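See structure below.
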Amino acid sequence: MRILGIDYGDARVGVAVSDLLGMTAQGVKTIKNNGMKRLISELGETLDEYKPEKIVIGLPKNMDGSEGFRVDATRKFADALKKIYDGEIVFWDERLSSLGAKRYLNETNTRGKKRKNVLDTVAACIILEGYLNSRNNL
């Protein structure tokens, strides 16, 4: 069964999905965040398509491990998502996921508008892969 990974942001939301065995993550899309109602509606379509058993949402903690205002916004997003999704939602520490995504895009020489369009999707993949790796190493 599949697991969905989400990198929530004020401007864009990256989405990734696992393979059926829960071993790897593939990017699905980046959604422009044009308000919670529209965002949840668009994510609903993705949920209908992939039917994940679980959703992993990146939790943007500060580098010292403390939780700031971005964590509050992410938790509010998760609460809104629970209105259309009754499966398990897991938070995953996403510190350095955006940095990892930028490094990956540098290595693949992805520049300009294309870079902006895929950055959040790559970050969602990194978040989901981190979760999958921790689960598979148990």
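The values are calculated or read from the model by the stated rules, or taken from the named source; none is laboratory data. Values in this document were obtained by computation on a predicted structure and should not be read as measured data. Counting neighbours? That spans all protein chains shown, and the Cβs are built from the backbone with ideal geometry, glycine included. Just the protein is used for accessible areas: all its heavy atoms, side chains included, with ligands, DNA and RNA removed. Shrake-Rupley method; radii C 1.70, N 1.55, O 1.52, S 1.80 Å.
Considering only the stretch 27-36, state which residues are within 17 Å of Thr121 (Cα to Cα) and open to solvent by less than 70 Å² (accessible area, probe 1.4 Å).
Gly27, Val28, Lys29, Thr30, Ile31, Asn33 - these are the residues of the stretch 27-36 that are within 17 Å of Thr121 (Cα to Cα) and open to solvent by less than 70 Å² (accessible area, probe 1.4 Å).
Working only within the stretch 1-15, note down all residues that are of a type outside the set (Asp, Glu) and assigned to a loop (DSSP other than H, G, I, E, B).
Selection gives Met1, Arg2, Tyr8, Gly9, Ala11.
Which residue, of Arg70, Arg38, is assigned to a helix (DSSP H, G or I) and modelled with pLDDT of 95 or more? Step through it out loud before you land on a result.
Details: Arg70 fails: modelled with pLDDT of 95 or more.
Matching residue, one of Arg70, Arg38: Arg38.
Residues Thr110, Thr46: which one is out of contact with any Pro (no Cβ under 8 Å at 6 or more places or on another chain), at pLDDT 95 or above and open to solvent by less than 60 Å² (accessible area, probe 1.4 Å)?
Details: Thr110 fails: at pLDDT 95 or above.
The conditions single out Thr46.
Of all residues in the stretch 50-87, how many are in contact with a helix residue (DSSP H, G or I) (Cβ under 6 Å, 6 or more places away or on another chain) and open to solvent by 50 Å² or more (accessible area, probe 1.4 Å)?
Of the residues in the stretch 50-87, 1 are in contact with a helix residue (DSSP H, G or I) (Cβ under 6 Å, 6 or more places away or on another chain) and open to solvent by 50 Å² or more (accessible area, probe 1.4 Å).
When residues of the stretch 16-26 are filtered for being part of a strand (DSSP E or B) and open to solvent by 30 Å² or more (accessible area, probe 1.4 Å), how many remain?
Taking the stretch 16-26 and keeping what is part of a strand (DSSP E or B), we get 16-18, 25-26.
Right, trim to open to solvent by 30 Å² or more (accessible area, probe 1.4 Å) and you get 26.
Counting residues in the stretch 16-26 that are part of a strand (DSSP E or B) and open to solvent by 30 Å² or more (accessible area, probe 1.4 Å) gives 1.
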